[in-house]
1. Checking VAL8 against (1) surrounded by 14 or more Cβ atoms within 10 Å (Cβ to Cβ); (2) within 14 Å of the ligand (Cβ to nearest atom), which single condition isn't satisfied?
2. Residue by residue through the stretch 23-64, note down the ones that are under 31 Å from the mean Cα position of the chain (by Cα), farther than 20 Å from ALA89 by Cα and either within 16 Å of the ligand (Cβ to nearest atom) or crowded, with 17+ Cβ neighbours inside 10 Å (or both).
3. Can you confirm whether ALA20 is part of a helix (DSSP H, G or I) and away from the ligand (no atom under 13 Å from the Cβ)?
4. Quick check: anything in the stretch 124-132 outside any helix (DSSP H, G or I), within 24 Å of SER203 (Cβ to Cβ) and over 18 Å from the mean Cα position of the chain (by Cα)?
5. Filter the stretch 86-121 down to the residues that are within 14 Å of the ligand (Cβ to nearest atom) and touching a Gly at 6+ places or on another chain (Cβ under 8 Å) and list them by number.
6. Only residues in the stretch 26-43 that are more than 30 Å from ALA83 (Cβ to Cβ) and in the same structural domain as VAL91 (by TED's automatic domain parsing) count as the first member; pair them with residues that are aliphatic (A, V, I, L, M) and within 12 Å of the ligand (Cβ to nearest atom), Cβ under 8 angstrom, at least 6 apart or cross-chain, and list the lot.
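The values are calculated or read from the model by the stated rules, or taken from the named source; none is laboratory data. Just so it is clear, the model here is predicted, and its values are computed rather than measured. Cβ coordinates were reconstructed from backbone atoms using ideal geometry, including for glycine residues, and neighbour counts include every protein chain displayed.
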Amino acid sequence: MRETKFGVAHADAERLYRRAAAVPELEVVGIGCHIGSLLNEAAPYVAAAQRLVEMVDRLESAGVRLRHIDVGGGIGIRYKDEATQPIEAFVRGTLAALGRRPQTVVFDPGRSIVGNAGVLLTRVEYVKPGVARNFLVVDAAMNDLIRPPLYGAWHDVRPVREMEAGAAAAVYDVVGPVCESADFLAKERRLAAREGDLLAVLSAGAYGMVMSSNYNSRPRAAEILVAGGEARLVRRRESVEELFAAERTPG
Ligand SMILES: Cc1ncc(COP(=O)(O)O)c(C=O)c1O
């Protein structure tokens, strides 16, 4: 987008390539684009690849040979009820737009590989009825999953175990124990949860752990890999001592 900090303007790119190609210390190797995140349809992605390849051909006519074409990422996943096209539509459409050519083609499918492969498990510490809203205070927080406060992102929240008949459902904000009003994982969800229950925050496999922090002196959670019927610890839980291990008292 024109408003964002990334890349160079399409109109400037060819001039910059020619200039770079004329500098002996620089080796021009490829071209890349990334038109944005959470694309649910392949059409804009394929259109961008088409524009990219037209530029590659014009550069080639001007004597600038590229070795790779990187068509970017941004392939959408379903967080709520989005109608997402499968990744095949993106790949097939792009390869058709690129046609047969010598360059290596690079895709950057970040979130679409792992986003829905991960859940954040959290326990309900308190059920806190309020005047304007009801809260489920859980033991995960914005430091573990910052997408909701950062971009208003929506993550599904489900009880790990089905409720026994008769457990009363209510509408809750699911919030953490961090000292920020922005510390929420989900808002206005109908849930029948009690203290001690485990909840799963879905679609936490991408932009979850990697965006986590130690804010509020909170050690990061453990990561468990589940493969088939087997669960393995692949990142141990951090300790409080580790949070301060790099700190020094001056003098
Ligand atoms: C160049 C580039 N490729 C790939 C990605 C990954 O995007 P996503 O995880 O939405 O597929 C990004 C993210 O901003 C990016 O800037």
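1. Result: VAL8 passes all but (1).
2. Within the stretch 23-64, VAL28, VAL29, GLY30, ILE31, MET55, VAL56 meet the criteria.
3. Yes.
4. To start, the set of residues in the stretch 124-132 that are outside any helix (DSSP H, G or I) comprises 124-132.
Next cut, within 24 Å of SER203 (Cβ to Cβ) only: 124-125.
With over 18 Å from the mean Cα position of the chain (by Cα) added as a condition, the list becomes 124-125.
Checked against the condition, which is being outside any helix (DSSP H, G or I), within 24 Å of SER203 (Cβ to Cβ) and over 18 Å from the mean Cα position of the chain (by Cα), the stretch 124-132 yields at least one hit.
5. VAL106, PHE107, ASP108, PRO109, GLY110, ARG111, SER112, VAL114, GLY115, ASN116, ALA117, GLY118, listed by residue number.
6. The qualifying pairs are GLY30/VAL106.
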